[in-house]
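S.K.: Here it is, the structure in full.
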Amino acid sequence: MKPALAPPQALDPSSQKPDDTLHVEAVWESAYDQVVRPEKAIVLNAYFIRHLHHLGPELGWMYIAFRQAAYSTGGRVGQRAARFTGKAIAALSGSTERTFWNRAGKPETWQKLAGLVTLLDEKPIWDESSPTPKRLPRKYSVAMTLPLTGPDTSALRLWLLENWETCQGASGVLRAACETPVDELLAQPSEASTPMTVHRLVRELFASELPAKELEAQAERLHQHIQPPTDILVLTLFFVEHILPHLGTGPGWLLAILRDHCWTDPNGRGARSQVTILGGYAEMAGWLGLSRAKTIWEWLRTPLLQVYLRHIQSGLPETNQWDAARTFDVLLEEVPVEIVQVCLRHLHDTNGANFSIGVADFSVSNGADFSIGVARFSQSDGAFFSTAMAQISEFSGAICRVFKLLSSIKLLKQIAPPEIAPQPEENLGAGAPVRAIENQPQEPEPSKSASQRIQAFPEDVQKAAEAFVTAFNLLPPDAPEPGEKGGDFALWIKGLRKLNSIAADYGIPVERAIQQAHAYWNQRPFTLTHPLALKSAMQSALSRQKSALTTPVPAANPGSAAYDPAQRRKEISAALGFDIDQPLTPERQAALQTYLDGLYAGFPQNPLKS
C-alpha cells in the first residue's frame with residue numbers, strides 16, 4: 001500500500017503521452033528565498049521544548065538530527081528504514097563527526113534519549129557469510145510521535161488513576177482528561193518514569209476496559225490535547241546546517257525557542273519580534289536544563305548571538321535578579337539583510353572561494369553596541385571589538401560562500417548589488433558610543449599600549465582612567481593628531497572628569513568609587529564603551545553606600561553582656577547586602593572598608609591621641 005502523501009514518482013518514459021505531461025521549472029526572484037529556502041524545514045511539535053530540560057542542548061540537537069535523517073532518507077517516501085552516515089547526523093546536530101561518535105559510545109546518552117531514539121543492537125553485528133566478515137550498520141529506531149517526558153508520564157498516570165473512580169471508569173476519565181487544562185494534568189509532582197507516548201500509556205492502563213478502537217480514539221484525542229498539532233516548532237534546514245555550527249548548540253536552542261514565542265500577523269501588519277520572558281534568565285536556563293542562569297547572560301553577550309538577539313531595556317528600575325522579566329528583540333530572518341547585501345556585493349567580485357569581509361562592508365550608525373541585524377556598530381580599539389568584528393567577518397564570509405555555492409548565477413546577474421545606506425543617527429545621550437566606523441579597514445592590533453594612552457590624558461584624569469581601564473578591561477582611545485577633532489579622546493576626558501566630580505561629591509577617592517560602580521555594573525550589566533556611560537551606575541552605587549552609612553547599625557558596648565560579635569557581623573552584612581564572613585571580592589572589600597571608615601568617623605575622638 002502506497003502512502004497517501006507520498007511525493008510524485010518519476011515518470012516512466014514508455015507510459016508518457018504528449019497531452020498529459022507537464023514540465024515544471026522553479027523560478028526565484030529573491031536570492032534569499034533561493035538560498036535559504038525557508039520552506040525546507042524540520043517541523044516537530046513544540047512540546048519537545050519540555051524534553052530539552054532533561055536532555056540538554058547537545059542531546060536535543062542529536063534527536064533533531066536523527067529525526068531529520070529518519071524523515072529525509074525513509075519516512076518522507078513511506079519507507080520504514082534507511083541507512084545514513086554518522087557524518088550526516090553530525091552535520092544536522094551542530095557537532096563534528098568525532099563528537100557524535102563519542103556521544104554515541106556513551107551508555108548515558110541512550111539512557112537520556114530513551115523513548116526518543118533507541119539503540120536496537122546492544123553489540124556490534126557482523127556479516128560472516130563471506131570470507132571477509134564485515135560489520136553491519138548499527139540499528140536505531142526514532143520516535144516520530146513525541147513521547148511525554150518522564151515526569152509528565154508519571155504525572156498523567158497519577159492523574160488518570162486518581163480520577164478513575166470519580167469519573168466512573170476508563171471512558172469517563174479519558175474524556176475528563178481531554179477537558180482539563182494541560183498544566184493541571186501534568187502538574188502533580190512524582191518520580192519520573194520512562195518517557196512514554198500517550199497512546200502507550202492509555203493502553204497500559206485501560207486496555208482491558210475498552211474496545212481497541214475506542215481506546216485508540218480516546219488516546220488520540222488526549223494526545224492532541226497535550227500536544228496540539230498546530231503548536232509546532234520550525235527549524236529551517238539552512239539554520240541547522242549553516243547557522244548552528246557558528247552559534248553553538250546552547251545559543252542555537254535559545255534563539256529557536258525565542259523565535260517560537262514570536263508570531264506573524266495574518267492580516268499583514270507585520271511580525272511580533274519582541275518577546276518578554278517573565279521568568280528572566282532563570283526561566284530561560286530552565287528550558288535547557290541549566291542550573292546556572294548566568295550562562296544565559298554570558299551567551300547573550302557573544303557577538304554572533306547579538307546579531308540575532310538583543311536585550312531591550314524595559315524602562316523599569318534595573319535589577320540583578322536572575323528571575324526578573326526580560327524583553328528581547330528577535331531577528332526572525334536566518335540571514336540579516338545587511339549580510340545578504342554583503343554577499344551579493346562580493347559574489348561576483350571574488351574569483352576564489354575565500355571571502356574577506358571587513359568592517360567597511362557593513363552599514364554603520366551611532367548604535368551603542370552590536371545590534372540586531374548587524375545594522376549598528378560602535379567603534380572601539382578594545383580587544384572585545386576586535387574579537388567581535390573578527391567573528392562577525394568570519395561568519396559573514398562563511399554565509400557568502402554558501403550563497404556562492406547555492407545561488408543561481410542567472411538569477412543573481414539580474415540583481416544589481418545594492419548600495420548599503422547608512423542608518424539614521426540616534427540621540428542616545430550618555431549611553432551614546434564613540435564615533436561611527438569610517439568606511440576604511442580597521443587596524444588588527446592597537447599601535448600603543450593602554451598605559452601609553454593613559455599618559456596622553458590630562459593629569460587630573462589619569463588616576464580615573466587607570467582605574468576605569470583596569471576595572472572594565474577597555475582600551476582607551478589614542479590622542480588625536482594635531483589639527484584633528486577630539487572625537488573619542490575628548491569624550492573619554494569628559495566622562496572621566498564627570499566620574500571625578502561624582503566621587504568628590506561623595507567624598508571618596510575616584511579609584512574606590514569606580515570599584516564600587518564596577519561591582520554595581522557587574523550585578524546589572526549593560527553595554528559600556530566609555531566612562532561617561534558609567535555616570536548613572538556610579539551615582540546609584542555611591543547613593544546606596546551613603547544610605548547604608550547614614551543608617552548605621554546601632555553600636556553596642558563590647559564589654560556588655562548583650563554584645564554578640566556574630567550577631568553584629570550579621571547586622572553589618574544585612575546593611576551592606578552581602579555576607580562579610582565569606583571571601584570578598586576587591587569591590588566588596590572596598591565597600592566594607594568605606595562602611596567601616598564611615599562608622600569610625602562618627603565615633604568621638606580620644607583627646608589623648610589628638
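S.K.: Under the condition of being within 17 Å of the chain's Cα centre (by Cα) and at pLDDT below 90, which residue from the range 39-94 is nearest to residue 139 (Cα to Cα)?
M.R.: If we take residues in the range 39-94 being within 17 Å of the chain's Cα centre (by Cα) and at pLDDT below 90, then 93 is nearest to residue 139 (Cα to Cα).
S.K.: Please find, within the range 1-38, the residue that is least open to solvent (accessible area, probe 1.4 Å) out of those that are of a type in the set (S, T, N, Q) and at pLDDT 70 or above. Break it down into steps so the answer makes sense when it comes.
M.R.: Taking the range 1-38 and keeping what is of a type in the set (S, T, N, Q), we get 9, 14-16, 21, 30, 34.
Pick out the ones that are also at pLDDT 70 or above and you get 21, 30, 34.
Values: 21: 56, 30: 40, 34: 23 Å².
For the range 1-38, the residue satisfying everything is 34.
S.K.: Please enumerate the residues belonging to the range 139-162 that are touching a Gly at 6+ places or on another chain (Cβ under 9 Å) and either open to solvent by 20 Å² or more (accessible area, probe 1.4 Å) or charged (D, E, K, R) (or both).
M.R.: Those that are touching a Gly at 6+ places or on another chain (Cβ under 9 Å) and either open to solvent by 20 Å² or more (accessible area, probe 1.4 Å) or charged (D, E, K, R) (or both): 142, 143, 144.
S.K.: Please state which one of 217, 176 is loosely packed, with under 15 Cβ neighbours inside 10 Å and without any contact (Cβ under 8 Å) to a residue 40 or more places away in the chain.
M.R.: 217
S.K.: Given the residues 199, 225, which is the only one that is in a helix (DSSP H, G or I), touching a His at 6+ places or on another chain (Cβ under 7 Å) and open to solvent by less than 60 Å² (accessible area, probe 1.4 Å)?
M.R.: Values: 225 fails: touching a His at 6+ places or on another chain (Cβ under 7 Å).
Only one candidate qualifies: 199.
S.K.: If you take the residues in the range 452-492 that are modelled with pLDDT of 85 or more, among the aliphatic types (A, V, I, L, M) and closer than 15 Å to residue 531 by Cα, which one is nearest to the chain's Cα centre (by Cα)?
M.R.: By that ranking, first place goes to 469.
S.K.: Residues of the range 445-492 being among the aliphatic types (A, V, I, L, M) and not in a helix (DSSP H, G or I), which ones? Break it down into steps so the answer makes sense when it comes.
M.R.: Applying the first criterion (among the aliphatic types (A, V, I, L, M)) to the range 445-492 yields 450, 454, 456, 461, 464-465, 467, 469, 471, 474-475, 479, 490-491.
Matches in the range 445-492: 456, 474, 475, 479.
S.K.: Another one. Name the residue that is farthest from the chain's Cα centre (by Cα), counting only residues in the range 506-528 that are assigned to a helix (DSSP H, G or I) and aliphatic (A, V, I, L, M).
M.R.: If we filter the range 506-528 for residues that are assigned to a helix (DSSP H, G or I), which is where we start, we get 506, 510-523.
Now narrow it down to the ones that are aliphatic (A, V, I, L, M): 510, 513-514, 517, 519.
Working: 510: 36, 513: 33, 514: 30, 517: 27, 519: 25 Å.
Residue satisfying both the conditions and the ranking: 510.
S.K.: Something else now. How many residues does the range 33-62 hold that are closer than 13 Å to residue 235 by Cβ, in a helix (DSSP H, G or I) and of a type in the set (A, V, I, L, M)?
M.R.: Here the count works out to 3.
The values are calculated or read from the model by the stated rules, or taken from the named source; none is laboratory data. Because the structure is a prediction, the values reported are computed rather than measured. FYI the Cβ positions are ideal-geometry reconstructions off the backbone, even for glycines, and counts take in every protein chain you see. Areas reflect the complete protein model, heavy atoms only, side chains present, ligands, DNA and RNA absent. Shrake-Rupley method; radii C 1.70, N 1.55, O 1.52, S 1.80 Å.
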